[in-house]
Amino acid sequence: MSERLAIGGFVIPPVLLRDTRGDKVISGHFHYHAAVLARQLNPRAGETIPARVLEIENQATALAQIGILKHRAA
């Protein structure tokens, strides 16, 4: 844990909504786009990143939780 704090805090993985049209980033845009850029610069980098993927049946509950956490952080 001290290593995480030494680099400036905890890294929160992006949150993606999954539906029939594909995935949509709803939180963690910076982390997601940094991985996209890393992959463009070096195809071996940024292939996968940790992320939370919300399936259709869990979206309402998860979005409510995210809203509560964002409200508390503000």
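The values are calculated or read from the model by the stated rules, or taken from the named source; none is laboratory data. Keep in mind that what you see is a predicted model, and the values were worked out from it rather than measured. Here Cβ is always computed from backbone atoms with ideal geometry, including for glycine, and neighbour counts include all displayed protein chains. All accessible areas refer to the heavy atoms of the entire protein, side chains included, with ligands and DNA or RNA removed. Shrake-Rupley method; radii C 1.70, N 1.55, O 1.52, S 1.80 Å.
What to note about this one:
- Screening Gly8 against (1) open to solvent by less than 90 Å² (accessible area, probe 1.4 Å); (2) modelled with pLDDT of 85 or more leaves a single unmet condition, (2).
- Set Leu63, Leu54: member being in contact with a helix residue (DSSP H, G or I) (Cβ under 6 Å, 6 or more places away or on another chain) and touching a residue at least 24 places away in the same chain (Cβ under 8 Å): Leu54
- Of all residues in region 38-74 being under 15 Å from the mean Cα position of the chain (by Cα), hydrophobic (A, V, I, L, M, F, W, C) and surrounded by fewer than 14 Cβ atoms within 10 Å (Cβ to Cβ), the one that is nearest to Leu16 (Cα to Cα): Val53
- Against the list (1) modelled with pLDDT of 85 or more; (2) out of contact with any Pro (no Cβ under 6 Å at 6 or more places or on another chain); (3) open to solvent by less than 90 Å² (accessible area, probe 1.4 Å), the condition Gly28 fails is (2).
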